[in-house]
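Visitor: Handing you a structure now.
The values are calculated or read from the model by the stated rules, or taken from the named source; none is laboratory data. Everything numeric in this text was worked out from a predicted model, so none of it was measured. Cβ coordinates were reconstructed from backbone atoms using ideal geometry, including for glycine residues, and neighbour counts include every protein chain displayed. Remember, those area values only see protein heavy atoms, side chains included, never the ligands or the DNA or RNA. Shrake-Rupley method; radii C 1.70, N 1.55, O 1.52, S 1.80 Å.
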Amino acid sequence: MKHFISILMMIYLVYSGALAQENYIPTAENLKNREEFQDMKFGVFIHWGIYSMMADGEWIMNNKNLNYKEYALLAQGFYPSAFDAAKWVSDVKASGAKYICITSRHHDGFSMFGTKQSPYNIVDATPFKRDIIKELAEECHKQGIKLHFYYSILDWSRDDYFPIGRSGRGVGRTNKGEWKTYHNFMLNQLTELLTNYGEIGAIWFDGMWDQPEDFDWKLREIYDHIHSIQPGCLIINNHHLAPIEGEDGQTFEKDLPGQNQSGYSSTATVGKLPLETCETMNHTWGYSITDKDYKSEKELIHYLVKAAGNNANLLMNVGPRPNGEFPDIAIERYLAIGRWLNEYGESIYGTRGGIIEPRDWGVTTQKGNKIYVHILNLEDDALYLPIQGKMIASVKQFIDGKPIKFTTSEKGILLNLNSKPDAIDYVLEIDMK
Ligand code: H79
């Protein structure tokens, strides 16, 4: 009998332990931050590191199989003489973005913040010696911009990132360190990131696709560690999978939620957490001297609007030059988005994806009893919407309030637009009864 009871006890302990591990209950502050995150709708992604000096994207170490010890010497030449956190943040504000996500440490393993966990960081390994993350954090807090940290979970520079993954195989590491020390290194760095820079909106992980699917990253320990320091901090992981327990948001790389144009999102089924999509203005994330193929103002605005209509934020990237400045063309594009948001922000900020699912002609967003119809691509002078006419108080042009005539049918309304829309985004506002 005693034996039986102790078995029951063991089953109970294992089961309750497993449950404790499985059931993540976000704090009220975390839930509030999720709402605020969704309200912000637009963020600026910044990919900046010692790779920026090579001006060929952030994967150059892997792509050219650069020896990790040689690559590390780059740090001795990193002196971004024009870096000005105040200018970055004011440019970001002018774009209409509400948050910044910056690479605190990318796959190359170089820390862009003053960490005590390794000398391979911007303060200890460069002649610049300034903690740019600290300067940026102070400016963000001052100018009211939320700060998120990109954090690579894979590392091409450390021996204890072992077993090595699918990438970074040609950089010359031969030692076989202990994963445990790598795991602790990450926990300690996250402690620094979450204690030395004020309130952090999110930790944004990347690189989990580097290891086989059944690899045990001890993610939950990492997630719980983050939440034990800043419970309100959102955890977003760009793992290209459905959300994992302990996360607070879901991001899609170069894809709107549910799509797979990039080839990365085939397993990224859309979950219930706040959504985000990240995209580049040109093709590379880190600065490239040759990649001048920037998306047009119209394409960028359309992407922002489509993200909003898909109930997602847009995180639009810039790769600063080695001297610390945003490329001129990136600033031009951000300012263009900002001018548009100045006029149309009400139909984007604080909205959620509208009741009409995204269509070929455009999308809808919604806030309270208002539906915003974003017509991006319509060949006709009329548009059918499956909304019952009796539910509608009025339909008007968003920009000047001019009424739009419509006729009702059994299941919807037909808007009479007079002419084929030619605005970047022809926005209508529907007030529901
Ligand atoms: O930080 C930016 C990129 O550097 C990083 N994510 C954005 C935000 C990124 N790294 N890789 N990718 C995006 C694409 C991933 C490609 C992969 Fe693969 C294809 C991973 C697994 C299959 C490359 C090829 C690595 C292993 C095989």
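Visitor: May I ask you to compute the full-extension gain from Ser81 to Asn67, defined as 0.36 nm times their residue separation minus their alpha-carbon distance, rounded to one decimal in nm? Spell out each step's value before the answer.
Guide: Working: separation 14, 0.36 × 14 = 5.04 nm, distance 2.68 nm.
Stretched fully, the Ser81-Asn67 segment lengthens by 2.4 nm.
Visitor: Only helices at least 27 Å long along their axis, Cα-based, and averaging 1.6 or more on Kyte-Doolittle count here, so list those DSSP H runs from the chain.
Guide: Membrane-span-like by this criterion, though nothing is claimed about a membrane: none.
Visitor: OK, next. With springs connecting C-alpha atoms under 10 Å apart, model the chain as a Gaussian network and identify which of Lys98, Lys420, Lys295 has the largest mean-square fluctuation.
Guide: In this elastic network of the chain, the residue with the biggest mean-square fluctuation among Lys98, Lys420, Lys295 is Lys420.
Visitor: With N denoting the number of residues in the chain, provide Rg(C-alpha) divided by 2.2 N^0.38 Å, to two decimal places. Intermediate values should be presented prior to the final figure.
Guide: Details: Rg = 23.9 Å, N = 433, 2.2 N^0.38 = 22.1 Å.
That works out to 1.08 for the chain.
Visitor: Report for the chain the percent antiparallel among DSSP-assigned beta bridges with both residues inside it, nearest 5. Mind showing how you got there, number by number?
Guide: Numbers: 30 of 66 bridges.
Bridges in the chain are about 45 percent antiparallel.
Visitor: Taking a threshold of 31 Å on the Cα-Cα distance, which of the pairs Lys272/Lys420; Lys98/Lys180; Lys64/Lys93; Lys298/Lys433; Lys41/Lys134 fall above it? Intermediate values should be presented prior to the final figure.
Guide: Working: Lys272/Lys420 36 Å; Lys98/Lys180 37 Å; Lys64/Lys93 36 Å; Lys298/Lys433 33 Å; Lys41/Lys134 25 Å.
Among Lys272/Lys420; Lys98/Lys180; Lys64/Lys93; Lys298/Lys433; Lys41/Lys134, the Cα-Cα distance tops 31 Å for Lys272/Lys420; Lys98/Lys180; Lys64/Lys93; Lys298/Lys433.
Visitor: Which of the GluC sites (Glu not before Pro) across segment 324-433 are loop residues per DSSP, with 16 or fewer other Cβ within 10 Å?
Guide: Values: sites: Glu325, Glu332, Glu343, Glu346, Glu379, Glu410, Glu429; in loops: Glu325, Glu379, Glu410.
Here the GluC sites (Glu not before Pro) that fit, given the DSSP loop and packing criteria, are Glu379, Glu410.
Visitor: Turning to a different aspect of this structure: Are there GluC sites (Glu not before Pro) in segment 238-273 that DSSP puts in a loop and that have at most 16 other Cβ atoms within 10 Å, and which ones? Walk me through the intermediate numbers first.
Guide: On the way: sites: Glu245, Glu247, Glu253; in loops: Glu245, Glu247.
Here the GluC sites (Glu not before Pro) that fit, given the DSSP loop and packing criteria, are Glu245.
Visitor: Let me ask something else. Run the numbers for Asp400 and Arg166: contour at 0.36 nm per residue of separation, minus the present Cα-Cα distance, in nm. The partial results should precede the final answer.
Guide: On the way: separation 234, 0.36 × 234 = 84.24 nm, distance 5.44 nm.
Result: 78.8 nm gained on full extension.
Visitor: Of the heavy-atom accessible surface of the chain (probe 1.4 angstrom), what whole percent is carbon and sulfur? Kindly include the intermediate steps, with their values, before the conclusion.
Guide: Details: 10170 of 19100 Å².
C and S atoms contribute 53 percent here.
Visitor: Also, quick follow-up: Could you report segment 136-236's accessible area per residue, 1.4 Å probe, as an integer in Å²? Spell out each step's value before the answer.
Guide: Details: 3880 Å² over 101 residues.
Computed with neighbouring chains in place, this is 38 Å² per residue.
Visitor: Under a 5 Å amide H to amide H cut-off, with H placed in plane at 1.01 Å, what residues pair with Val363 once short-range neighbours are removed?
Guide: Those lying under 5 Å, H to H, from Val363 are His374, Leu376.
Visitor: Once you put a point 7 Å from the Cα of Asn369 and another 7 Å from the Cα of Glu29, both along the Cβ direction, what distance in nm separates them?
Guide: Roughly 3.7 nm, to one decimal.
Visitor: Give me, ordered by chain and number, the residues 5 or more places off Tyr287 or on other chains with an amide H under 5 Å from its own placed amide H.
Guide: Gly57
Visitor: Once the principal axes of the Cα atoms of segment 309-394 are found, what is the range along each, listed largest first in whole angstroms?
Guide: The principal-axis extents, from largest down, are 59, 30, 20 Å.
Visitor: Next question. Round to the nearest 0.05 the FRET efficiency obtained for Glu379 and Lys411 when R0 = 22 Å and r is the Cβ-Cβ distance.
Guide: Values: r = 23 Å, r/R0 = 1.03.
Computed FRET efficiency for Glu379 and Lys411 comes out at 0.45.
Visitor: Another question, if that's okay. May I ask you to compute the full-extension gain from Asp224 to Gln261, defined as 0.36 nm times their residue separation minus their alpha-carbon distance, rounded to one decimal in nm? Display every interim value, and only then the final one.
Guide: Working: separation 37, 0.36 × 37 = 13.32 nm, distance 3.31 nm.
Extra length from Asp224 to Gln261 when fully extended: 10.0 nm.
Visitor: Now for a separate question. Using the scaling law 2.2 N^0.38 Å as the reference, what is the normalised Cα Rg of segment 147-292? Show your work: numbers first, answer last.
Guide: Numbers: Rg = 15.9 Å, N = 146, 2.2 N^0.38 = 14.6 Å.
In units of the globular-protein estimate, segment 147-292 measures up at 1.09.
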